[in-house]
Structure formats: structure tokens, C-alpha cells
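Chemist: Can you read through this structure? Questions will come right after.
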Amino acid sequence: MSETSERRMSIRARLPGFLRRADPAVVTAFGCILLLLFLGSLYSSNFLSPDYLLQQLKVASFLGVVAAGMMVAILLGHIDLSVPWVMTAGAMMACAVAGFGDTGYVAAIPAGVLCGVAFGLLNGIGVAFLRIPSMIVTLASNVVAQGLMVVYTGGFSPQDSAPPAVRWLATGAVVPGLPNAILVWGGVSVAMVFLLTRTAFGRAVYGIGNSERAAFLSGVGTRRVIMTAFVISGALSAFGGVLLAGYASKAAQAMGDPYLLPSIAAVVLGGTSILGGRGSYFGTVAGVILITLLQSILSVMQMPEAGRQIVYGVVIIVMLLLYGRAPPNR
């Protein structure tokens, strides 16, 4: 054992028990969140106010729902590039169904989510059964979804408005002072933690991410698991789009485009290996909050868009170099 390794083990042994058990990537991510909060407070005294922080969590909730689905795909060692237009399709279909009166109001959210399920099923069949690389099939699905929505709208912004139930889910507050969007993200987070840590499906996802062949030889129905994972990713992408439509009161062309890179970055910055098989959903939550705060700070600084993109990219690269890479033996 090298001197550096011994020093690291010695330092780790002196840490409190809960820190020794924690994933270093997750601890680092939350540490960076505290640093961003401190830096933000230097530029604006309102940055640490409860109202402002709740607003940031509300904005983060849309990305958090999408990133939850993306994490399932990445844990398998795959990726879902159909997020932008599956989000848009889910939002547009939810608003379109609402045009059918009272029945449409009730069916709006399920219709939007089912739209994502359909595209997720298409992706899952392509990856699991046809053995098409996930990058290719999901990119193709994204183009198909884009084409269908352009045909539906004629290339213009749709005129349908989000139904009251969708707007209430995204902007209302069943608990006074706590936006519903945050509660929805909390519910998705609890369900995701349970799914990945307490079910056979979750164990299979990690197993396939480490070695699909070994998982298959162990009796895991790898094709079924992969297909289900992409269905979950598609459903959550569409659900995120429905929530975003409720927040904006209507769907819009390309409304999901800004969520592709951040959803991937949030998962990877939270410590999930891009090669699959390793990661914690708590890390993804930290990654989502981290990215949202970074965007907020750049906005508070009134930095030009070009500068925001440069800083945003540099921070992601630096943090990936720190703890986002795969282990040497992978």
C-alpha cells in the first residue's frame, strides 16, 4: 500500500462514523452546494432567504424528476437522449387532451405520462431486444417525437393551455408555504430510493450496469429490466414536461431542450458512473441542486449568456475530474 493511500485511510479513520459511511462523491457535491450558497450570499443578501431557496428548489424539482429517470438509464451503462422532445411531447399531449372538457381535465396528466411510456417502450425494445446502442435509438426517438409534434402543431406554438390540475400540481401549495412541485419531487425521490435499494429490480439494474453478461448468467431477465428502465425514464421525462407546462401555463416548442445536458450532468456530478453499476440517488439530488444554484448565481451576477455557458461547462468538467470518472479497473 502506497504512502498516499495510507494517509487517506488515516484521515478517513478520524472522520465521524456517518462521514466514513457516506459516498465521497455525495459528500463532495453537498460541500459544493454549501460553497455556492456562501458565494451567492456575497452577491445578494436575499440569496439565503427562505423564500428564495424555496423558489430554487421549485425550479430544481422539474430537473430532479427528469434526472431520476436519466439515472436509471445511466446505472445500466446506457443513456437516454430522447429527453428533450419526450418532455415536449408529454407536455403538449397533456394540454391537448385537456381540450376535451371535464374528461380531458382528468385524463391530461395520465395522457402526458403515457406518451412518455410509449417512447420509453420504443427505446427499451430497441436497446434490449434489437441490441441497438442506446445513444442511437434514443436519439432517433427524439427526432421522431420532434417530427410528430411539428406535424401536430404545424411548426407553431400550440394554442392549448395547461389544465387547472396541471397548473395546481406545478404551482399550487397543498401545504401552506411549500410548493407542490417540491412535494412531487420528494415523492419521486422516495419512490426512486425504494426502487433502487429495496427491490429486485433495483439490484438487477446495478448488476446489469456492472456486467450484463454476469447478470444474465445469474438468472436476471436482463432484457425485461432494460426495457422497464427505459419506460421509467420516458415516463419521468414526460411527467417533468407536464409539470413544466403547468409552471408555464402552456406547452411550447423545444421546451425540453435545456434539460438534456443538465439531467446527465446532475446524475454524473452526483457520483453515478457514466459506465453504469455505481451511484446513489442522494448524489443525483445533490447534483440537481448544485446545477440549479450554479445557474442562479450566474443569473444574480448578471453574467452574459456566453460567459454563463463557459463557467457552467468549466465547473462541470472540473467536478467530473475530481470525482466523476470511472475507477481504473472499469
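The values are calculated or read from the model by the stated rules, or taken from the named source; none is laboratory data. None of the values given here were measured: they were computed from a predicted structure. Cβ placement follows ideal geometry from the backbone for every residue including glycine, while neighbour counts extend to all protein chains displayed. These area figures cover heavy atoms from the full protein model, side chains too; ligands, DNA and RNA do not enter into them. Shrake-Rupley method; radii C 1.70, N 1.55, O 1.52, S 1.80 Å.
Chemist: Consider region 282-300. How many of its residues are touching a Phe, Trp or Tyr at 6+ places or on another chain (Cβ under 6 Å) and over 19 Å from V66 (Cα atoms)?
Modeler: The qualifying residues number 1.
Chemist: If F18 passes every condition in (1) open to solvent by 100 Å² or more (accessible area, probe 1.4 Å); (2) at pLDDT 60 or above but one, which one does it miss?
Modeler: Unmet for F18, out of (1) open to solvent by 100 Å² or more (accessible area, probe 1.4 Å); (2) at pLDDT 60 or above: (2).
Chemist: Moving on to the next point. If V267 meets every condition in (1) open to solvent by less than 10 Å² (accessible area, probe 1.4 Å); (2) over 30 Å from M92 (Cα atoms); (3) in a helix (DSSP H, G or I); (4) among the β-branched types (V, I, T) apart from one, which number is that one?
Modeler: Every listed condition holds for V267 apart from (2).
Chemist: Restricting to region 294-310, count the residues that are open to solvent by 50 Å² or more (accessible area, probe 1.4 Å), touching a helix residue (DSSP H, G or I) at 6+ places or on another chain (Cβ under 7 Å) and either modelled with pLDDT under 75 or within 30 Å of G77 (Cβ to Cβ) (or both).
Modeler: 1
Chemist: To continue, here is another question. When residues of region 145-156 are filtered for being assigned to a helix (DSSP H, G or I) and either in contact with a strand residue (DSSP E or B) (Cβ under 8 Å, 6 or more places away or on another chain) or open to solvent by 70 Å² or more (accessible area, probe 1.4 Å) (or both), how many remain?
Modeler: Residues meeting the conditions: 4.
Chemist: Pick from region 242-263 the residues that are polar (S, T, N, Q) and surrounded by fewer than 18 Cβ atoms within 10 Å (Cβ to Cβ): which of them is farthest from the chain's Cα centre (by Cα)?
Modeler: My answer is S249.
Chemist: Could you tell me which of the residues L236, L244 is within 30 Å of A173 (Cβ to Cβ) and either in contact with a Phe, Trp or Tyr (Cβ under 7 Å, 6 or more places away or on another chain) or β-branched (V, I, T) (or both)?
Modeler: When all the criteria are applied, what remains is L244.
Chemist: Additional query: Check off (1) under 22 Å from F129 (Cβ atoms); (2) under 19 Å from the mean Cα position of the chain (by Cα); (3) hydroxyl-bearing (S, T, Y) for S211 and give me the number that stays unchecked.
Modeler: Single failed check for S211: (2).
Chemist: Looking at (1) in contact (Cβ under 8 Å) with a residue 24 or more places away in the chain; (2) within 18 Å of T284 (Cα to Cα), find the lone condition where F194 falls short.
Modeler: It fails just one condition, (1).
Chemist: Collect the residues in region 162-177 that are open to solvent by 70 Å² or more (accessible area, probe 1.4 Å), closer than 28 Å to A89 by Cβ and not in a helix (DSSP H, G or I), keeping them in residue-number order.
Modeler: If the condition is that a residue be open to solvent by 70 Å² or more (accessible area, probe 1.4 Å), closer than 28 Å to A89 by Cβ and not in a helix (DSSP H, G or I), then V174 is the only one that fits.
Chemist: When residues of region 202-229 are filtered for being open to solvent by less than 40 Å² (accessible area, probe 1.4 Å) and either modelled with pLDDT of 95 or more or in a helix (DSSP H, G or I) (or both), how many remain?
Modeler: Counting residues in region 202-229 that are open to solvent by less than 40 Å² (accessible area, probe 1.4 Å) and either modelled with pLDDT of 95 or more or in a helix (DSSP H, G or I) (or both) gives 11.
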